[in-house]
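Here is the structure we will look at, set down as structure tokens.
The values are calculated or read from the model by the stated rules, or taken from the named source; none is laboratory data. A quick note: this is a predicted structure, and the numbers were derived from the prediction, not measured. Glycine also receives a Cβ, built like all others from the backbone with ideal geometry; neighbour counts cover every protein chain displayed. SASA here: full protein model, heavy atoms, side chains in, ligands and nucleic acids out. Shrake-Rupley method; radii C 1.70, N 1.55, O 1.52, S 1.80 Å.
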Amino acid sequence: MMSFNAVHTLTGCLLDVEDRADQLGWGRPPLLLLIQDRPAPCTTSGTRRELRAAHLPLNDARMGRYRAGLADFLPDLAAALTADKHLRRPTLAACVDIDLITELLAEPAPGLRLLAWAVCYEDVLVESAEPHEIRRVDAVDADQRGYQVTRLRGEQHPIVFIDEHLDDDEAAAQSGLARLVEATSRPDPPPPPPRTA
């Protein structure tokens, strides 16, 4: 179970990702993020942790091979990481560096844990028959909590929404991210045996 501090830190990370995307401007390709944390090297107690967000750019031109875009790509990536058969998925391999993802997930650092998967992308929002460009950062954490950071083009500040319980009616991106979390979560290590004198 993630602590309040972990949720707060993750939310700050997602806001930073959106802010950086806003500084770079519109028309950017989607970005996949693998967010992990581990004990900070400066602590002996293991209570302080440091966050790592691996930015995994997606090949926007190749993403067109997926008819529904991210809604098809994310479950395909989850299936490949579950089955570890990405070598037979040329469409997937053309979109993202699967070997890098596999290395990040297999890193043997003690105490390394998955916090969340996220994706930053641009979309079109239709309200009252008027289309608006919108940037979204969708994420799902290890507790299956959903996060959405959105900013309409021209807006000064993004809006943050955290959903404590994802359900089947979630956006396609969050549904795919939830499958990624399930596919790549490591089981918690067993507690150390009690010390005997």
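Overview of results
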{"item": "Test: residue in segment 38-47 that is surrounded by 15 or more Cβ atoms within 10 Å (Cβ to Cβ) and either under 17 Å from the mean Cα position of the chain (by Cα) or assigned to a helix (DSSP H, G or I) (or both)", "result": "yes"}
{"item": "Arg65, sole failed condition from (1) out of contact with any Ser or Thr (no Cβ under 6 Å at 6 or more places or on another chain); (2) modelled with pLDDT of 85 or more", "result": "(1)"}
{"item": "Tally of residues being surrounded by 14 or more Cβ atoms within 10 Å (Cβ to Cβ) and touching a residue at least 24 places away in the same chain (Cβ under 8 Å) across segment 98-133", "result": "15"}
{"item": "Every residue from segment 137-168 that is open to solvent by 40 Å² or more (accessible area, probe 1.4 Å) and touching a Phe, Trp or Tyr at 6+ places or on another chain (Cβ under 8 Å)", "result": "Gln148, Arg153, Val160, Phe161, Ile162"}
{"item": "Qualifying residues in segment 128-141 (those that are farther than 20 Å from Gly25 by Cβ and over 10 Å from the mean Cα position of the chain (by Cα)) - the one modelled with the highest pLDDT", "result": "Glu130"}
{"item": "Leading residue by the ranking (farthest from Thr9 (Cα to Cα)) among those in segment 153-179 that are of a type outside the set (Gly, Ala, Ser) and not in a loop (DSSP other than H, G, I, E, B)", "result": "Arg179"}
{"item": "Some residue of segment 2-20 being surrounded by 19 or more Cβ atoms within 10 Å (Cβ to Cβ), touching a helix residue (DSSP H, G or I) at 6+ places or on another chain (Cβ under 8 Å) and not polar (S, T, N, Q)", "result": "no"}
{"item": "Within segment 1-37, tally of residues that are outside any loop (DSSP other than H, G, I, E, B), farther than 22 Å from Glu155 by Cβ and over 12 Å from the mean Cα position of the chain (by Cα)", "result": "7"}
{"item": "Close pairs (7 angstrom Cβ cut-off, 6 or more residues apart or separate chains): within 16 Å of Val126 (Cα to Cα) and in contact (Cβ under 8 Å) with a residue 40 or more places away in the chain in segment 146-157, of a type outside the set (D, E, K, R) and open to solvent by 50 Å² or more (accessible area, probe 1.4 Å) anywhere", "result": "Arg153/Trp26; Arg153/His132"}
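Quick grid of which residues meet (1) modelled with pLDDT under 85; (2) within 19 Å of Asp138 (Cβ to Cβ); (3) more than 15 Å from the chain's Cα centre (by Cα):
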| site | (1), (2), (3) |
| --- | --- |
| Leu58 | no, yes, no |
| Leu74 | no, yes, no |
| Leu92 | no, no, yes |
| Leu104 | no, no, no |
| Glu107 | no, no, yes |
